[in-house]
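Have a look at the structure below before the remarks.
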Amino acid sequence: MPTIVCAVSSIAMPIGFGSGEASDVEDFGSPPASVPLASALPLLMDDGGGGIECQKCDLRSSYCKRWPQKGGARRITTCECRQSFQRSKITGRCVMAVRNPSPAPSSRYGDFDAATPISSPESSVPAGDNSMISELIYEENESDQQCVLGQAEKHATRILGDILKRYDRNLVPSIKGVDVEVELLIQKVSELNELLSSSKMDIMLSQIWHDPGLNFEQEEGAQCLTNLSLSYRMVDNIWIPNVCLVNSKSSFIHSSPTPNIFLAIFPNGTVWLNYRIAVESPCDFEFTTFPMDRVECTTVFESYSFNVGKVRLHWKRQGIPVELIANASLPDFYLSHFLFEKATFHYPAGVWDQLNIKIYFRRAYGFYILQIYLPTYCMVLISWISFWLDRKSLPARVTLGVSSILALTMQYANIARSMPKVSYIKGVDWFMMGCVTYIFFSIVELAMVGILEKVDNIWIPNVCLVNSKSSFIHSSPTPNIFLAIFPNGTVWLNYRIAVESPCDFEFTTFPMDRVECTTVFESYSFNVGKVRLHWKRQGIPVELIANASLPDFYLSHFLFEKATFHYPAGVWDQLNIKIYFRRAYGFYILQIYLPTYCMVLISWISFWLDRKSLPARQFLKFNNYFS
């Protein structure tokens, strides 16, 4: 009597997450004669060393099987379907078998259609039929073991308990290191901030790796489990690669109402860990062509605790590793394209893998055309009306020109208020300067007419930042703390800290002034009798990873020194770092000096007006004064 074998447990996975690769293989004596190797796809050749990986195996429906070749050392590896799955003759993939309440007693296969019975596995699909066909499998009653509804959950609880009894979460799963595949799903981009040079978005970060210590294929009842879908609380019980967003300004894991963490363990030991994170990433705004500019936002993923000797990061090798759930458009920006790449970074402690995702946005300039360009064109055209007025109507012509330039100045002030104080000239600055030039020359023409008219008529040392206004250790998604202990007892402790330090502003020479920012390091708990501080004696103790430039300041130089401070409780060592900035005064030349010079020159126009034109001369002076 034939029986139907089915799986009663399944995995609830977030939409858009791909499957990881199979990292283990199973050895079998020889392939059965009823399953030709030519039809088992994908197929890879192995040299017998055991290092083969089925790159294209979908762990949810298949596993890696290795067959020894007769009379030789070369082996063939195939992706075989898991129990309750059958390889489709159309796509070649493993699909879920469908239960048939009344299978044919003389056939191992059900019917594709009521009118088209299948008599053998070699039966072909009718030509031209491109529809998805569910293939039905009926296994002979070779054993009494069945997957009974409700037993899978009991097996999962028992298997999980057995695994955790012998598992050590403090050890890296493999002495040769672990390969971690990363998949990124961008759920939403919520904000781009020009003043803070940052972007805010919600992402789903998946990490997939193989942990032999979590393999449960040989456990009793494992054939009834596709995987173990676990609670977020179980993350603390297993080893994780600690992949962080190392360049984020801030980040946190969503909790609505519980932490948005997905964890699944597959029978072969493959682990799938997913976080839903809100992250604020740095962006590079280049306003040279504003408002037709482009924005580049970069997010860097890195294992904060393990270098390439322990953890090797890769973008997901199957499918697309980075995807968007919906169109990432904002009121004033739209997504142009994105790039993802892999790189390595050399720290003093070693080499780390980094995965970079660069998202490029274009500014939607329709708002600026309506709010800046069209009104400005109208102001310039209005200023030209004075060319058609009588040359003797000086009050009207002066009022028209000065009013146009004042309106244009207010318009430009509204733009500059919402933009960073960059020292280079933006695209809109060139446009505004052109418009101001047109209006200015219309007023100069008025002066020329006036002239012509006049002529004619662990124990740690507890080193703190003792003068900081505020500081905190980054956590994205785990605290960014690196700790290494060398065989000779040397301890290396590293923090990634955001700190707000006091600065000394001296405005006597503003805007050509200089700023001095000082940060003081001191062991808060131990005086020089217990802890003596020194700057690193080998190499350069203070370095910059990137150019420290701001829209309105640039780094001039920095000094580091050692000092001692006498407290009532004793003497403490102090390490001081002083960073000096210079103000980029290009903005103030454009916004203050040049407009002021223009106003002074405009006020001199009254010298060429007829002395009897008192209203025009007085109006010109007062307008310049109030401007």
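Just so it is clear, none of the values below were taken in a lab; they were calculated from the coordinates. The structure displayed is predicted, hence computed values, not measured ones. Neighbour counts run over all protein chains shown; Cβ positions are idealised from the backbone, glycine included.
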- Just how far, in whole angstrom, is segment 565-627 from segment 534-555 if you go by their alpha carbon centroids? 31 Å
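Looking at segment 402-503, what % of the alpha carbon pairs are farther apart than 18 Å?
Numbers: 3750 of 5151 pairs.
Taking all Cα-Cα pairs of segment 402-503, the fraction more than 18 Å apart is 73 percent.
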- Task: Would you mind giving the three semi-axes, in whole Å and largest first, of the ellipsoid equivalent to segment 160-276 according to its Cα gyration tensor?
- Result: 32, 15, 12
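Taking other Cβ within 10 Å of each residue's Cβ, how do Met448, Met419 sort, fewest first?
Placing the least packed residue first, the sequence is Met448, Met419.
Note down the net charge around Ser606, summing +1 for each Lys or Arg and -1 for each Asp or Glu among other residues with Cβ under 9 Å from its Cβ.
On the way: positive: Arg617, Lys621; negative: none.
With Lys, Arg at +1 and Asp, Glu at -1, the net is +2.
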- What's log10 of I(q)/I(0) for segment 310-421 at q = 0.14, 0.21, 0.24 Å⁻¹, Debye sum over Cα points only, no solvent? -0.81, -1.13, -1.27
- Message: Give the lysines reachable from Lys621 as a straight Cα distance under 17 Å; neighbours fewer than 8 places away on the same chain don't count.
- Response: Lys612
- Message: Can you give the local net charge around Leu575? Use residues other than it whose beta-carbon is closer than 12 angstrom to its beta-carbon, Lys and Arg +1, Asp and Glu -1.
- Response: +1
- Message: Quick query: amide H of Phe333 versus all other amide H atoms, modeled in the peptide plane; which residues come in under 5 Å with a sequence gap of 5 or more or a different chain?
- Response: Ala364
- Task: Quick one: give the max-minus-min coordinate of the C-alpha atoms of segment 292-351 along each principal axis, largest first, in Å.
- Result: 44, 28, 15
- Query: Among 204-217, 221-234, what's the highest-first ranking by average C-beta atoms within 10 angstrom per residue?
  - Reply: 204-217, 221-234
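Can you tell me which of 266-278, 544-556, 357-369, 302-314 comes out highest on packing, and rank the rest after it, using the mean Cβ neighbours within 10 Å?
Working: 266-278: 21.8, 544-556: 12.4, 357-369: 16.8, 302-314: 19.7.
Descending mean neighbour count gives 266-278, 302-314, 357-369, 544-556.
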- Taking a quarter of the surface of the Cα convex hull of segment 152-363, what do you get in nm²? 13.9 nm²
- Reach of Lys316 by Cα under 25 Å, taken over lysines that are not fewer than 8 positions away in the same chain: Lys56, Lys65, Lys176, Lys188, Lys200, Lys342, Lys358
- Message: Once you place label points 7 Å from the Cα toward the Cβ at Lys469 and Cys378, how far apart are they in nm?
- Response: 4.2 nm
- Query: What residues qualify as long-range amide H neighbours of Arg294, i.e. H under 5 Å apart, gap of 5 or more or another chain, H built at 1.01 Å from N?
  - Reply: Glu286
- Message: Whole percent per 10 Å bin, from 0 to the bin with the longest distance: what is P(r) over all C-alpha pairs of segment 521-618?
- Response: 12, 22, 17, 14, 11, 10, 8, 6, 1
- Message: Can you tell me which lysines have their Cα less than 30 Å from the Cα of Lys562? Leave out same-chain residues fewer than eight positions away.
- Response: Lys469, Lys530, Lys536, Lys578
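Can you give the convex hull volume per residue for the Cα atoms of segment 369-456, as a whole number of Å³? Intermediate results must be reported in sequence, preceding the final value.
Working: hull volume 8.1 nm³, N = 88.
For segment 369-456, the hull spanned by Cα atoms encloses 92 Å³ per residue.
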- Message: Just to confirm my numbers, what's the Cα centroid distance between segment 160-181 and segment 386-411 in Å?
- Response: 79 Å
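Ranking His254, His566 by Cβ neighbours within 10 Å, fewest first, what do you get? Mind showing how you got there, number by number?
Values: His254 15, His566 8.
The most exposed by this proxy come first: His566, His254.
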- Return the sequence-ordered ³J(HN,Hα) values of segment 558-565 in whole Hz as given by the Karplus equation 6.51 cos²θ - 1.76 cosθ + 1.60 applied to θ = phi - 60°, using x for Gly and Pro. 9, 10, 10, 8, 10, 9, 10, 10
